[in-house]
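Colleague: Mind having a look at this structure? Questions to follow.
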Amino acid sequence: MPTPGNVLQNSSTPAAQLLQVNHDGCSFTSSNSRPPSILPLSTLPTEWDPEKFKPCAPKIWKRYKGRPLVSDTETKPIPAKKKDFTDKPVKGWESVIHPEGALYFYDSNHRAFTDANLRNLSVLKIVNSQVDLLLSEAGDAVDALTYLAVELLDPKSGICNYYFVQHDKRLLFWVQDFKPMCIYEHVKGVKSDTHIKAALEAQYWFVDTIVMHCELYPSNAPIQPQIITELKYVLLHAHADFLTSDTSVVPYDSSTLQSMLDLTNQVVDYVSQTQTQTQGLAVPSTVTLPAHLMCVLARLMRLFARSKFLNFYGQVSARLSANQSVYESEQTRGKGTTRLLLANIFLCGAPAAQYKFLRDTWIDDILNYPRWSKYISRLNGDWSNVTIFSTVMLAVDISFMAVPGVVSATVMFICLSTMCSVSSLAVSMILGGKSRGWGTDSAEGAASFMARMVHTQTDIEALAIMYSLPYAFLIWGMLCFVAALGITVFRFTHPVILVVVSLGWVVVTGLTLWPAWWGKLSITPSSTLSKKRGQARRDVV
C-alpha cells in the first residue's frame, strides 16, 4: 500500500462541531461554534447501532464549511535552541496535507480517511471505534481497493457520516440504504442502474466547488492508468464536437477545452515517464499519482462525469443536443402562451427571438454556459447600441419641439416619442448594469441567476419580454416621431407637395418594412430546388 506524501506534523485546533440536519435530505452536516463535550471512553460503542451512522455523499462533506478558527489572543515564544518542530504522531494514522492546505488523517491498515482532529485522544478512540464497526458491518463488501471515509459529526453522541469508495469501479457504496436526491442535483427520472452509476461516479471524482472523494483525499487514490488516456480522448472528442456543432452539449468553450487538454497532457507525460523508468518490471494494474496531479485529474474527470449524468449519457433518452429536452412534459412547449404572442405584436417581434434564445439556453433546469455566455454578451452589445440610438432620438425629439408653429397633435406624438426614448435609455442602462452580475464570467453564477429568475415556462416568457423592452421602446419612439413628422408634412394643402410626399412615404415605408418581413415570406430560390424531389435543400458547407 503506497504511503501518502506530504506528511504533516503541525498541531491543529479541535473543530467545534454541532449537529444539524442538512436541508437537501442527504445526511447530516455540522457547523462551528464552541468545543463540544466528548463521549466518555467508558461508553464507546461496541455494537452496531444504525442511528449512529449516517450514509453520506462527499458532496456535503464539511471540509469547506465550519473550519476551526484560529485564536488571535495567544502568542507563545519560541523556546531557545529548539530545532524540532514536529508533533507526536497519531498512533495508527498518518497526517497528510491536501494540496489546497487542508489536514486529514489516513489509516493505511484499514484504508480509512477522516478530517477529525485525531490529536485529541478522545476523538481518536471514537473514530477508531466507528471505523471498526463500519468495516465489520461491511464484511465481504470490503476488498483491497475499498476505502472508507468517516466524518465525525458529534463527538458527544458518536454520530458520524460515512461512505465507502471502490476505486476500481469508480463508485461509492454504503452499508445502509441511502437517499440519493442530493447527488442527483434535482435531475428527475433517474431510474436506470447505469444512470445511477453515472451519478455515483460524479461523486467519486468531483462536483461543483465542493470536492469529492478523489479531490478530498488525493494522496491515497490508486487509479487505473487507462483513466488518464480516457480523459484525453474525452477532451479531444469534446473539443471537436464543440468546434463542429452549434448545439453541442459540451459545457465548456474551445479555449477552456484546449487548456484542459494541455493539463491532461502533463499528467499523461508524467505517467509515461514513470512507466519508462519501470521497463523490464511488471506493469502495475493501478498507479498512485502525486497529490497535486491527482487533484488535476479528479477536477477534470468530474466535469464530464457530471455532464454525462445530467445529459442521460448511455440511456435510451440521452440528450444529444443542447436545446433538446429529455422529459415528456417539456415536449408540449409551443411557441409561448397568449401573453407572449400579444407581447410579440406590441413589442415589434422582439420577445419571440429572446424567448427562443432563453428556451434553448435553459433546458430542463440545466444551463449551457457557452451558449449563455455568447447570448448575454450579444445582449450587452445590443443594449449598448440601443442606448446610443435612444440618446440620438431624445435629442431629435427635443429639437423638433422647438420648431415654431407645431400643432397640438404633433406635440402629443413628440411627447410620446420622448417618453419612449427615455424609457429605452433607462431600461438599457439598468439591464446593462445588472448583467455584469449575472454570471457572464462564472457558470455557477449564471446557473444561480437562472434558477432564481426562472421556475416555469411563464417565467422564461417574462424574462424574454423584459429583455425586449429597450429595443421595443426605441422602435415605438421612432414610430411616434414618424407620426409627428407626418402630421407636420401633411398640413400643407398644395397638391404637388401632397402627391410627392405621399409617393415617397409609401416607397420608403415599404422598403423599411421589407427586411422585417423578408424571413417570414415563403420565398424559395429556384437554384436550390431539387430536380429529383422538387423540394428545397438546406446544405451546410
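Colleague: At a probe size of 1.4 Å, how large is the accessible area of residue 399, to the nearest 10 Å²?
Modeller: About 70 Å², ignoring ligands and nucleic acids.
Colleague: If you don't mind, another one. Extending each Cα 7 Å along its Cβ direction at residue 482 and residue 345, get the distance between those two points in nm, one decimal.
Modeller: Result: 1.9 nm between the two label points.
Colleague: Continuing with this model, one more query. What percentage of the solvent-accessible surface of segment 347-516, computed with a 1.4 Å probe over protein heavy atoms, is contributed by carbon and sulfur atoms? Display every interim value, and only then the final one.
Modeller: Numbers: 6620 of 8900 Å².
After summing per-atom areas, the C and S share lands at 74 percent.
Colleague: Near residue 434, which aspartates and glutamates are there with a Cα under 15 Å away, not counting those fewer than 8 places off in the same chain?
Modeller: Straight-distance partners of residue 434: 382.
Colleague: Considering the options 189, 161, 149, tell which one lies farthest towards the positive end of the dipole of segment 148-195, charges being +1 on Lys and Arg and -1 on Asp and Glu at the Cβ, about the Cα centre.
Modeller: 189
Colleague: In addition: Would you mind calculating the gained length between residue 253 and residue 500 on full extension (0.36 nm times residue separation, minus the Cα-Cα distance), in nm to one decimal?
Modeller: In short, 83.4 nm is gained.
Colleague: Which entries of 191/232; 54/308; 197/308 have Cα-Cα distances beyond 18 Å here? Please report the intermediate quantities before stating the final value.
Modeller: On the way: 191/232 30 Å; 54/308 28 Å; 197/308 10 Å.
Over 18 Å Cα-Cα: 191/232; 54/308.
Colleague: Follow-up question, since we're still on this one. Can you give the accessible area of residue 110 in Å² (nearest 10), computed on protein heavy atoms with a 1.4 Å probe?
Modeller: Counting only protein heavy atoms, residue 110 exposes about 70 Å² to solvent.
Colleague: Once phi is turned into θ = phi - 60°, what whole-Hz ³J(HN,Hα) does the Karplus curve with 6.51, -1.76 and 1.60 give for every residue of segment 259-274, x standing for Gly and Pro?
Modeller: So the J values, rounded to whole Hz, are 5, 4, 5, 5, 5, 4, 4, 5, 5, 4, 4, 5, 5, 4, 5, 5.
Colleague: Which of the aspartates and glutamates could a cross-linker bridge to residue 188, judged by Cα under 17 Å and excluding same-chain residues fewer than eight apart?
Modeller: 24, 328, 330, 364, 365
Colleague: A further question on this structure: Full-extension gain between residue 406 and residue 86, please, as 0.36 nm times their residue separation minus the C-alpha to C-alpha distance. Don't skip to the end; give the middle numbers.
Modeller: Details: separation 320, 0.36 × 320 = 115.20 nm, distance 9.09 nm.
Length gained, residue 406 through residue 86: 106.1 nm.
Colleague: Continuing with the same structure: Over segment 340-381, with the other protein chains present, what is the accessible area per residue in square angstrom, probe 1.4 angstrom?
Modeller: 43 Å²
The values are calculated or read from the model by the stated rules, or taken from the named source; none is laboratory data. From a predicted model like this one, the values you see are computed outputs, not experimental measurements. With ideal geometry, Cβ positions are generated from the backbone for all residues, glycine too; neighbour counts draw on all protein chains shown. Just the protein is used for accessible areas: all its heavy atoms, side chains included, with ligands, DNA and RNA removed. Shrake-Rupley method; radii C 1.70, N 1.55, O 1.52, S 1.80 Å.
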